[in-house]
Amino acid sequence: MAGTARMKQPGDLRVIRLPCTGRVNPLLILKAFMEGADGVLVSGCHPGDCHYNVGNYHARRRLELLQRMLPAFGIDPGRFHYTWVSASEGSRWAGVVSDFTRRIEALGKIGAEVPANALAKAEQTAMTDATGKTTS
Amino acid sequence: MSELVSTIQKVLAETGLVLGWSATGAGGVAAPERFHTAEEAEVAIFDSTCVHNLSVHLPRLKGRAVGIVAKACDARSIVELIAEREVDGDQVRVIEVSCTDTLDVKAIWRRYGYGALIEDDGSELRVNGEPVEREAFVQAKCLDCEDRQPATPAGKPVPSGSKPANARQQLREDFQAMSVGERRAFWREQYARCIRCHACREACPMCYCRDVCIMQTTDPHWTGGGINTAEAEMMQLIRVNHLAGRCTACGECERACPVGIPLMLLMEEQNRAIEEMFDYRAGVDPEAKPPLLTFDIKGDSWDGE
Ligand code: SF4
Ligand code: SF4
Ligand code: SF4
């Protein structure tokens, strides 16, 4: 819809089509981050509107959990977004993707948030843990 | 003869097999044991070095009657295994032991040398004959455990605002205080030490996929067997994801890790998120519906729906 209406889409966006958000294994998203994706957006049909009846009900639980877990993995939660856009909402889609790409551009390359001195600090923590010394 | 031994012998008469412990590990600490006869069971013990969660063996014993000695935390794994139909509740006889806490044996040996003599009468802990501070060497999970039977009737309240005596608890606090970028650096540093032994997976009672585990499939190729930071990181992401809503926080993954990667930081974080989202804890109710295998049409209205 967005395409046939010739709406503008960001050029650095890669669309991966899947039959249903119910197919979105959270590991696909994590794998994308591990392979260097700077941001991942999941967009599906509105809950209640699923062609397979319940795919997106399952999906929203998994995706929300992933969203909450990203900070623990060390991935900025702003790099991930999930939303519901139906096939007929072309202009909404265009808005969602351009907002998201702007956000990712502001965050920069994945790993940009890792402070240069953090590796050295982490090393020290690891050492403390490995020797079992109390860090008092 | 101890009460435990006679209970095991009674169960043995019905099942012909009981999983328990004997004091045959290095330095006299507990080692897991399979008892088949009353005579074999005479060496059964339970003490603070009985750290292992023996329920990890149950899925492979499915179909036969079995007795198992279990701490409260191990019992949660059994409940979860029954909920997931990996264990037949009718076939398992649980011999639940009450415990004060269990020890971080590796931490003691890192400090005092491998095989150092550990003596524990339930309140005073001695290593090589010298009394040592107990709280420093108790497994972190025990310090939070609701089923812990206090060693002293009143317990020992930790003054608020004071630093935890336990290094593992301290690490938990440090991790919470890190920025998201610092955490990525922290994990990469940790994973750099991973030797891909898969002990974290093997020790986990809920990781029972065995030969069909996606960590070793080549198509799709989620992660290879390479010993490097990137593959180790992906491996842990898989583990965390596959344990969502199923991890009972038994702590075995981290305890089994030979290089001391604090894997429980991630499991705890996920368990907390699941409790917040679904008011659910794994291993409590064998009839409960796992939160990620079900959904709620009206509720769960995340992202503005
Ligand atoms: S977590 Fe609780 S039940 Fe398990 S070993 Fe520790 S004190 Fe015992
Ligand atoms: S992931 Fe770790 S804490 Fe959770 S059930 Fe498995 S071994 Fe226990
Ligand atoms: S137990 Fe530790 S070293 Fe072994 S594979 Fe797991 S994380 Fe890596």
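Given A:Arg68, A:Arg60, which one is within 7 Å of chain B (Cβ to nearest Cβ) and buried (at least 21 other Cβ atoms within 10 Å of the Cβ)?
Numbers: A:Arg68 fails: buried (at least 21 other Cβ atoms within 10 Å of the Cβ).
Just a single option satisfies the conditions, and that option is A:Arg60.
Determine which single condition B:Val240 fails, assuming it passes every other condition in (1) away from every other protein chain (no Cβ under 11 Å); (2) open to solvent by less than 10 Å² (accessible area, probe 1.4 Å).
Only one criterion in (1) away from every other protein chain (no Cβ under 11 Å); (2) open to solvent by less than 10 Å² (accessible area, probe 1.4 Å) is unmet by B:Val240, namely (1).
Identify the single condition in (1) out of contact with any Gly (no Cβ under 8 Å at 6 or more places or on another chain); (2) within 13 Å of chain A (Cβ to nearest Cβ); (3) open to solvent by less than 30 Å² (accessible area, probe 1.4 Å); (4) modelled with pLDDT of 95 or more that B:Met264 does not satisfy, given that it satisfies every other one.
(1)
Condition first: within 14 Å of chain A (Cβ to nearest Cβ) and either in contact with a His (Cβ under 7 Å, 6 or more places away or on another chain) or more than 14 Å from ligand 1 (Cβ to nearest atom) (or both). Can you find one or more residues in region B:89-106 that meet it? Lay out the reasoning, then the answer.
Step one: of region B:89-106, the residues within 14 Å of chain A (Cβ to nearest Cβ) are B:103-106.
So of that shortlist, the ones also either in contact with a His (Cβ under 7 Å, 6 or more places away or on another chain) or more than 14 Å from ligand 1 (Cβ to nearest atom) (or both) come out as B:106.
Yes, region B:89-106 contains a residue that is within 14 Å of chain A (Cβ to nearest Cβ) and either in contact with a His (Cβ under 7 Å, 6 or more places away or on another chain) or more than 14 Å from ligand 1 (Cβ to nearest atom) (or both).
Which numbered condition in (1) part of a loop (DSSP other than H, G, I, E, B); (2) closer than 20 Å to B:Gln190 by Cβ is the only one that B:Gln270 fails?
Among (1) part of a loop (DSSP other than H, G, I, E, B); (2) closer than 20 Å to B:Gln190 by Cβ, the lone unmet condition for B:Gln270 is (1).
Please tell me if B:Arg210 is basic (Lys, Arg) and either within 16 Å of ligand 1 (Cβ to nearest atom) or farther than 14 Å from A:Met69 by Cβ (or both).
Working: basic (Lys, Arg): yes; either within 16 Å of ligand 1 (Cβ to nearest atom) or farther than 14 Å from A:Met69 by Cβ (or both): yes.
Yes; evaluated as a whole, the condition is true for this residue.
Of everything in region B:213-230, what is within 12 Å of chain A (Cβ to nearest Cβ) and within 10 Å of ligand 3 (Cβ to nearest atom)? Give them in sequence order.
B:Met215
Go through region A:1-110 and tell me which helices (runs of 4 or more DSSP H), entirely inside it, have 3 or more residues that are over 24 Å from B:Glu231 (Cβ atoms) and within 17 Å of the chain's Cα centre (by Cα).
Details: elements: A:26-34, A:55-73, A:90-107.
Output list reads A:55-73, A:90-107.
Which residues, counting only those in region B:1-52, are without any contact (Cβ under 8 Å) to a residue 40 or more places away in the chain and of a type in the set (A, V, I, L, M, F, W, C)? Spell out how you get there, then give the answer.
Applying the first criterion (without any contact (Cβ under 8 Å) to a residue 40 or more places away in the chain) to region B:1-52 yields B:3, B:5-6, B:9-10, B:13, B:22-25, B:30-41, B:43.
Result: B:Val5, B:Ala13, B:Ala23, B:Ala30, B:Ala31, B:Phe35, B:Ala38, B:Ala41, B:Val43.
The values are calculated or read from the model by the stated rules, or taken from the named source; none is laboratory data. Only a predicted model underlies this, so the values are computations on that prediction, with no experimental measurement involved. Because the Cβ atoms are built from the backbone with ideal geometry, glycine has one as well, and the counts that use them run over all protein chains shown. Quick note on the areas: whole protein, heavy atoms, side chains included, nothing else; ligands and nucleic acids left out. Shrake-Rupley method; radii C 1.70, N 1.55, O 1.52, S 1.80 Å.
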